[in-house]
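Beneath this line is the structure, given in structure tokens, with notes to follow.
Nothing in this text is a laboratory measurement; each read-out follows from the coordinates by a stated rule. Worth saying up front: this structure is predicted, and the values here are computed from it rather than measured. As a convention, Cβ positions derive from the backbone with ideal geometry for all residues, glycine included, and neighbour counts pool all protein chains shown.
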Amino acid sequence: MKRLIIIIIISVISCNNKEPLKLISDNNSATYFREKLFNKKLMDSLNYLVLSKGDTLAYNELKGIHYIGEQKFTGFLYYALIMSNKYNYKVASFDVYDILTTEKKFLDIKTKKMANEYLLKSK
């Protein structure tokens, strides 16, 4: 019984002596995704998969890169339109709506109507 208690105490003490985790990099996520944005080989590959095959995983990766890396997503509208119209991807339809309605104060009647059509298509 004494041995069991000693083993438990030693294991508890040894667990508490671990060093705290250190930060490996001070880059934030925007920097990480911006580097991906400028990686021509990666971007060409994702563009090809999205536009020619309707690959939803590639689409979502591309979306993350544009949303976080560029910190704006108007450049992503092209891909969202293709995925929505050509491949009937509902997530892309909502993305079209979201992109078109970002600046509501500049939204004209025709664009608002188009955005609402994509919102309906996303359901």
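Based on the Kirkwood radius over alpha-carbon pairs, what value in µm²/s does the Stokes-Einstein equation return for the translational diffusion coefficient of segment 30-121 at 25 °C and 0.890 mPa s? Mind dumping the intermediate values first?
On the way: Rh = 13.5 Å.
The calculation lands on 182 µm²/s.
Hey, can you rank 85-95, 36-46 by average C-beta count inside 10 Å, highest first?
On the way: 85-95: 17.5, 36-46: 13.6.
Final packing ranking: 85-95, 36-46.
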